[in-house]
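Down below is the structure, laid out as structure tokens.
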Amino acid sequence: MNRTIQTTIDGDRLTVSEGLIEKYDRPLPRYTSYPPIPVWDTKIGAENFAKALAGSGSNTLSLYVHIPFCRTRCTFCACHAIATTKTEIIDRYIGALITEMDLILKHLGSRAFRLDSLHWGGGTPVFPEERQMERLMKEILHRFYIETGTEVGIEADPRQTTIEKLRFIRLLGFNRISFGIQDTSCEVQKACGRTQDAEHVRALFAEAKQLGFTSVNADLCYGLPMQNSENFRRTIDDIVALSPDRIALFNFAFVPWAQPNQRRIDAKTLPDPRTKLSLFAYAIEKLGGAGYRFIGLDHFAKEGDELAEAARLGSIRRTFQGYITRPSHELVGLGVTSISEWGDLYVQNERKLADYFRAIAGGRLPVCRGYVLKDDDRRRRYVMQKIFCEQRLDKKKFLKLWGVAFDDYFSNVRMGDLERDGLVLQNKDELKITPLGRFFVRNVAALFDGHLEKEGRKYSRSV
């Protein structure tokens with residue numbers, strides 16, 4: 001039996017061998033930040049964040065609001081979610097979010113702030129009642145200025161989104177929406193603990209486009225229990241028929257030691273690494289043929305979309321929110337587990353709801369850990385941004401920006417295996433990720449991780 005995978009990326013016909021998969025399938029960070037979150041220190045807290053806010057000269061920021069609540073907890077979910085049907089808990093949480101905004105603004109001072117973007121994530125951000133969503137949005141708009149055309153996005157679980165609620169969301173001012181579909185196969189949905197009506201999903205997409213959302217997107221996942229080549233191909237066909245503007249196709253992170261809900265998944269029902277990568281390879285080829293540009297790692301966008309154009313021009317950036325087209329403005333995260341990025345400082349909010357409520361009630365920024373980037377971290381983060389966003393690094397630009405030659409600074413980084421296996425190419429001027437290397441981009445990035453070997457933490461697998 002042929003154990004290789006055949007696919008096409010950007011016109012290049014590729015062969016991925018089973019030996020290559022076995023060699024590079026290892027636990028690695030997802031690098032939504034550098035350094036990764038497990039490296040962050042509990043000694044970096046509210047005082048550090050307050051000082052950074054007070055010392056900022058900016059009047060523009062991005063705002064992320066975490067709504068952790070869901071009606072039920074899906075078995076596959078690796079997000080921070082709280083299953084509840086108690087509206088009073090959500091009311092209390094929204095009150096805490098409003099207080100947290102005031103704490104942030106208190107430390108920022110009296111300047112008027114413009115939002116470069118606003119995003120509600122979850123959990124299930126559409127789960128709260130309309131009055132609760134309206135209250136929160138009004139309080140945000142009372143405190144921050146949003147220009148016409150500003151990106152205002154929300155994640156939506158189709159099971160919790162009626163046509164009427166979709167219309168309400170649009171009236172609130174949201175202009176971008178991402179539907180969490182994950183997979184359209186009934187057997188996969190059942191194994192993940194979330195079944196959704198296909199006709200309802202089609203109706204939501206049609207209505208969202210009719211309502212004038214500027215970007216209607218789909219979130220999918222590969223590597224889920226019961227997924228196989230046959231049902232996954234049908235899923236991709238279904239998604240192409242929906243014609244979303246962007247598609248996020250996430251590598252399923254099976255981390256039962258960190259997510260107790262995943263312990264209900266029988267590991268024997270998960271596709272093996274070769275099958276899993278073949279699903280991703282099929283999606284890349286199929287979506288490419290349907291007019292989607294493979295942005296990097298796990299994102300696709302229609303040719304002509306703002307994200308696809310930014311990728312072509314080399315102006316995208318990878319953050320906690322995925323790939324973005326905006327310049328690098330400060331990010332403030334509100335709510336439990338939310339992350340803020342302010343200059344050289346990362347901070348994360350309390351992970352437990354009770355701890356978050358306690359901090360807010362005490363008038364304290366609810367930070368539980370953080371990290372202050374050192375000069376070495378900044379250089380490594382720059383390299384990773386180029387790897388994930390552009391699949392290449394200009395060594396001359398690195399020298400100009402950092403005052404040291406790339407090859408000298410990273411003289412201890414050994415890329416011999418990656419070069420021999422055809423994953424990277426380099427010369428005196430450039431480091432380039434090959435089309436084959438895009439399947440193993442986390443492995444390439446890991447070579448430049450100055451914390452990986454010494455911290456010994458558990459991560460999801462790279463394939």
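Here are a few things to note about the model shown:
- Qualifying residue in the stretch 251-260 (condition: without any contact (Cβ under 8 Å) to a residue 40 or more places away in the chain, under 30 Å from Asn349 (Cα atoms) and among the polar types (S, T, N, Q)): no
- Flag for Ser229 being open to solvent by 20 Å² or more (accessible area, probe 1.4 Å), in contact with a Leu (Cβ under 8 Å, 6 or more places away or on another chain) and of a type in the set (S, T, N, Q): yes
- The residue that is farthest from the chain's Cα centre (by Cα), among those in the stretch 3-47 that are assigned to a loop (DSSP other than H, G, I, E, B) and β-branched (Val, Ile, Thr), is Thr4.
- In the stretch 356-374, the residues that are under 25 Å from the mean Cα position of the chain (by Cα) and assigned to a helix (DSSP H, G or I): Tyr356
- Flag for Leu393 being aliphatic (A, V, I, L, M) and within 17 Å of Ser315 (Cβ to Cβ): yes
- Listed conditions (1) closer than 30 Å to Leu249 by Cβ; (2) surrounded by fewer than 18 Cβ atoms within 10 Å (Cβ to Cβ); (3) touching a strand residue (DSSP E or B) at 6+ places or on another chain (Cβ under 7 Å) are all met by Asp344, apart from (1).
- Selection status of Glu341, more than 29 Å from Asp25 (Cα to Cα) and assigned to a helix (DSSP H, G or I): no
- Residue within the stretch 428-443 that is farther than 26 Å from Leu313 by Cα, open to solvent by less than 30 Å² (accessible area, probe 1.4 Å), among the aliphatic types (A, V, I, L, M) and in contact with a Phe, Trp or Tyr (Cβ under 7 Å, 6 or more places away or on another chain) present: no
- Residue match in the stretch 418-431 (condition: of a type in the set (Val, Ile, Thr) and either touching a residue at least 40 places away in the same chain (Cβ under 8 Å) or not in a loop (DSSP other than H, G, I, E, B) (or both)): yes
- Which listed residue, of Asp394, Asp407, is under 21 Å from Ile433 (Cβ atoms), open to solvent by 70 Å² or more (accessible area, probe 1.4 Å), at pLDDT 95 or above and of a type in the set (Asp, Glu): Asp407
- For first residues located in the stretch 397-412 and of a type in the set (Gly, Ala, Ser), partners that are open to solvent by 60 Å² or more (accessible area, probe 1.4 Å) and lie 6+ apart or on another chain with Cβ distances below 6 Å form the pairs Ala405/Leu399.
- Single match in Gln196, Gln189 (criterion: surrounded by 14 or more Cβ atoms within 10 Å (Cβ to Cβ), at pLDDT below 95 and under 23 Å from Ile284 (Cα atoms)): Gln189
- Checked against the criteria, Ile89 counts as of a type in the set (A, V, I, L, M, F, W, C), more than 28 Å from Ser58 (Cβ to Cβ) and open to solvent by 10 Å² or more (accessible area, probe 1.4 Å).
- Of all the criteria given as (1) in contact with a Ser or Thr (Cβ under 9 Å, 6 or more places away or on another chain); (2) part of a loop (DSSP other than H, G, I, E, B); (3) more than 23 Å from Phe320 (Cα to Cα); (4) not hydroxyl-bearing (Ser, Thr, Tyr), the one not satisfied by Phe232 is (2).
- Restricting the stretch 109-130 to residues that are surrounded by fewer than 18 Cβ atoms within 10 Å (Cβ to Cβ) and within 19 Å of Asn175 (Cα to Cα), the residue that is modelled with the lowest pLDDT is Arg114.
- Among (1) touching a His at 6+ places or on another chain (Cβ under 6 Å); (2) on the phi > 0 side of the Ramachandran plot, the one test that Tyr31 misses: (1)
- Any hit, the stretch 181-202, residues being farther than 18 Å from Pro128 by Cα and touching a strand residue (DSSP E or B) at 6+ places or on another chain (Cβ under 6 Å): yes
- Selection of the stretch 287-305 for residues being crowded, with 18+ Cβ neighbours inside 10 Å and not in a strand (DSSP E or B) yields Leu287, Gly288, Leu297, Asp298, Asp305.
- As a summary of the residue check, Val65 satisfies the conditions (1) modelled with pLDDT of 90 or more; (2) open to solvent by 40 Å² or more (accessible area, probe 1.4 Å) except for the one numbered (2).
- Within the stretch 385-415, being within 24 Å of Phe320 (Cβ to Cβ) and of a type in the set (Asp, Glu) holds for one residue alone: Glu390.
- Test: residue in the stretch 159-169 that is among the acidic types (Asp, Glu) and surrounded by 23 or more Cβ atoms within 10 Å (Cβ to Cβ): no
- Residue check: Cys77 meets all listed conditions (1) within 19 Å of the chain's Cα centre (by Cα); (2) under 28 Å from Gln189 (Cα atoms); (3) part of a helix (DSSP H, G or I) but one, namely (3).
- On inspection, Phe250 qualifies as within 21 Å of Asp25 (Cβ to Cβ), touching a Cys at 6+ places or on another chain (Cβ under 6 Å) and either of a type outside the set (D, E, K, R) or surrounded by fewer than 22 Cβ atoms within 10 Å (Cβ to Cβ) (or both).
The values are calculated or read from the model by the stated rules, or taken from the named source; none is laboratory data. Note that the coordinates shown come from a computational prediction; the quantities given were computed from them, not determined experimentally. Please note: Cβ atoms are built from the backbone with ideal geometry, for glycine as well, and neighbour counts cover all protein chains shown. Surface areas here come from the heavy atoms of the whole protein model, side chains and all, with no ligands, DNA or RNA. Shrake-Rupley method; radii C 1.70, N 1.55, O 1.52, S 1.80 Å.
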